[in-house]
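To start, the structure under review is shown below, and the notes come after it.
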Amino acid sequence: MTVRGLWIISHENGGNLSIRFSRRFSTVEHRAKSLAGSSYVAVPEESTFLQLLLTELGLSDSGKNYVALRDDCLYRPRSPALELHVDGPAKGILWPVLTVSQGPLILACLPLVDVPPDPRPPLASLLSVSQGLTLLAGLQTFLLGSGSKPDSEGLGSRLAMVPSVLLQVCPLGTPLDVPLPGTPTAPTSVGTQKQPAWKTGLHRGRAVVNVGLIETVRSMQYGNRSRQDLWDVYVTLSLPPNGSPLQDILVHPCVTSLDSSILTASSVDNYDGSAFSGPYKFPFSPPLEPFRLCSYTSEVPVPPILGSYQLKEEENQLRVSVTLKLHESIKNSFEFCNAHLPFFNRDQMGVVDMKVSSGQLDVSKEKNLLVWVLGQKFPKSREVTMEGKINFSGPTPGPSDPLCTKLTAYVKLHFKVPDMTLSGCYVDQHSVQVYSSAKPRIVTSRELQSKEYYIWNSTGTAPVSSGQMMM
């Protein structure tokens, strides 16, 4: 596995975004040009690369919230591999650009894809993607340490060490401390592992195996029979020994052996997953740093929270009606559950006369935003409502958005449900086997999170695709 380029970008609240370090490898770039042939897309200059990356991440052009190549309904991002659309003489798509963001830094790399780019290979077949993420995770640990935001002096000194560190761990663009194909599959104890150059110290104390399972649900609900509601699940998973059929499985390179039938289920090919339905077992020799063992997608029959949003305009005020219903299969115990109602392209909020059946309402007139705090439980009926009127007569205009004009508006849900997954997948604590002289404590957890969970105003237009969803 080799990388064509590596970038470290500073990302601080209120500060400028800039490239603090970059390194390109000419020998790897020559191989990329030979492999791609006429489809070759060169890595652009630093300033262009930075602008393209920040646009794809939604961190630039604050006055331009909608970017067609990124936000169009036909484009479905496949995280963590980003597409950068390069213009000019070297026009084309730069893929897969991998990113890791934490604290004040964004780390990015472009691994070499050593197979023909057309047709594009599935992520599950590219070992370089997993190994590239492992390299970024290791550098992240080296730069930020155990915390997410070290002092500026400590971070500056570590950034100054990056060139010499890369000479040791990634000479000529080839990482030396990531597992390579053909690595012996025999289990090895932590004490005999090679200490990565970015790992400054060993763990002291009782050995602990922490296995976390996080499912993320996305949803688009329109409240209109002519438009089909959409929802899907994106999952970050460690050690899933059982569960419903999974799709798009991508494993960490430390996995030593795997049944090939596990990797055949794909949501892109409308594969039904009948060839393998679990249990899913992943033998592996873990690295010394925390890592993502496996990711997958899964189809679920219903969204966890079904909503209805109606917004009607009456002179200089809006009549608002929102209904949220928690599905009976979802555990009624949230870590948090909030509904955000933004109002764009209008004057500043004036009088707000709203009533909610449960929870409390926070009003931010400066941001033209209502935050409905539902708390940790729905009522016994599992249904909550909000109704009322909002007057817009403030002295200054509120925030703008090119997409949400007139009655095009949405409710965005933010929630987290502990000890639950939509797919039913779970980690059996007793199935975790550790071949080591130490007897570690096994800790497992699971949770369900929302991501891009929108309920659109049923009385207005909404961004919906009438064709087939592109992956």
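Tell me which of these TYR435 doesn't satisfy, since it passes every other one: (1) open to solvent by 40 Å² or more (accessible area, probe 1.4 Å); (2) under 28 Å from GLU328 (Cβ atoms); (3) of a type in the set (Phe, Trp, Tyr).
(2)
Can ARG441 be described as assigned by the TED database to the domain that holds PHE282, touching a Ser or Thr at 6+ places or on another chain (Cβ under 7 Å) and closer than 22 Å to ASN210 by Cβ? So that I can check it myself, show each step before the final result.
Details: assigned by the TED database to the domain that holds PHE282: yes; touching a Ser or Thr at 6+ places or on another chain (Cβ under 7 Å): no; closer than 22 Å to ASN210 by Cβ: yes.
The answer is no for ARG441.
Report the residue count in segment 302-314 for those that are open to solvent by less than 50 Å² (accessible area, probe 1.4 Å) and part of a strand (DSSP E or B).
5
Report the residue count in segment 392-429 for those that are open to solvent by less than 40 Å² (accessible area, probe 1.4 Å) and over 30 Å from CYS294 (Cβ atoms).
9
Go through segment 440-456 and count every residue that is under 30 Å from LEU407 (Cβ atoms) and surrounded by fewer than 16 Cβ atoms within 10 Å (Cβ to Cβ). Walk me through it before giving the result.
Kept after step one, since they are under 30 Å from LEU407 (Cβ atoms), are these residues of segment 440-456: 449-456.
Restricting the remaining residues to those that are surrounded by fewer than 16 Cβ atoms within 10 Å (Cβ to Cβ) gives 451-452.
The total comes to 2.
Given LEU230, LEU250, LEU213, which one is under 29 Å from THR421 (Cβ atoms), at pLDDT below 75 and surrounded by 16 or more Cβ atoms within 10 Å (Cβ to Cβ)?
On the way: LEU250 fails: at pLDDT below 75; LEU213 fails: at pLDDT below 75.
From the options LEU230, LEU250, LEU213, the qualifying one is LEU230.
Of everything in segment 282-301, what is over 20 Å from ASP248 (Cα atoms) and open to solvent by 40 Å² or more (accessible area, probe 1.4 Å)? Give them in sequence order. Spell out how you get there, then give the answer.
So in segment 282-301, the residues over 20 Å from ASP248 (Cα atoms) come out as 285-290.
Of everything in segment 282-301, those that are over 20 Å from ASP248 (Cα atoms) and open to solvent by 40 Å² or more (accessible area, probe 1.4 Å) turn out to be PRO286, PRO290.
Can you find a residue that is closer than 27 Å to HIS430 by Cα and either at pLDDT 80 or above or in the same structural domain as LYS406 (by the TED database) (or both) anywhere in segment 317-329? Break it down stepwise before answering.
Restricting attention to segment 317-329, the residues satisfying the condition of being closer than 27 Å to HIS430 by Cα are 329.
Next, only the ones that are either at pLDDT 80 or above or in the same structural domain as LYS406 (by the TED database) (or both) stay: 329.
Within segment 317-329 (the criterion being closer than 27 Å to HIS430 by Cα and either at pLDDT 80 or above or in the same structural domain as LYS406 (by the TED database) (or both)), the answer is yes, since at least one residue qualifies.
Here's the yes/no breakdown for (1) in contact (Cβ under 8 Å) with a residue 40 or more places away in the chain; (2) open to solvent by 40 Å² or more (accessible area, probe 1.4 Å); (3) more than 32 Å from the chain's Cα centre (by Cα):
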{"position": "ASN316", "(1), (2), (3)": "yes, yes, yes"}
{"position": "VAL320", "(1), (2), (3)": "yes, no, no"}
{"position": "LEU324", "(1), (2), (3)": "yes, no, no"}
{"position": "GLU328", "(1), (2), (3)": "yes, yes, no"}
{"position": "ALA339", "(1), (2), (3)": "yes, no, no"}
{"position": "MET349", "(1), (2), (3)": "yes, no, yes"}
{"position": "LYS355", "(1), (2), (3)": "no, yes, yes"}
{"position": "GLY359", "(1), (2), (3)": "no, yes, no"}
{"position": "ASP362", "(1), (2), (3)": "no, yes, no"}
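Quick one: count up the residues across segment 207-225 that are farther than 28 Å from LEU246 by Cβ and small (Gly, Ala, Ser).
2
Within segment 379-388, which residues are open to solvent by 70 Å² or more (accessible area, probe 1.4 Å) and in contact with a strand residue (DSSP E or B) (Cβ under 9 Å, 6 or more places away or on another chain)?
Step one: list which residues in segment 379-388 are open to solvent by 70 Å² or more (accessible area, probe 1.4 Å), which gives 380-381, 383, 387.
Hits for segment 379-388 are SER381, GLU383, GLU387.
Cβ-Cβ distance below 9 Å, separation of 6 or more or different chains: which pairs start in segment 23-45 with a residue that is under 11 Å from GLY5 (Cα atoms) and end on one that is part of a helix (DSSP H, G or I) and β-branched (Val, Ile, Thr)?
Partner pairs satisfying both residue conditions: ARG23/VAL162.
Residues checked against (1) touching a residue at least 12 places away in the same chain (Cβ under 8 Å); (2) open to solvent by 40 Å² or more (accessible area, probe 1.4 Å):
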position	(1), (2)
HIS85	yes, yes
VAL100	yes, no
LEU105	yes, no
PRO121	no, no
ALA160	no, yes
SER164	no, yes
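Suppose we filter LEU53, LEU6 for residues that are over 30 Å from THR461 (Cβ atoms), modelled with pLDDT of 85 or more, open to solvent by less than 50 Å² (accessible area, probe 1.4 Å) and within 19 Å of the chain's Cα centre (by Cα); which single one remains?
Values: LEU6 fails: within 19 Å of the chain's Cα centre (by Cα).
Criteria check complete, one pass: LEU53.
The values are calculated or read from the model by the stated rules, or taken from the named source; none is laboratory data. Being a predicted model, the structure only gives us computed values, none of them experimental. Glycine gets a Cβ as well: all are built from the backbone with ideal geometry, and neighbour counts include every protein chain shown. Quick note on the areas: whole protein, heavy atoms, side chains included, nothing else; ligands and nucleic acids left out. Shrake-Rupley method; radii C 1.70, N 1.55, O 1.52, S 1.80 Å.
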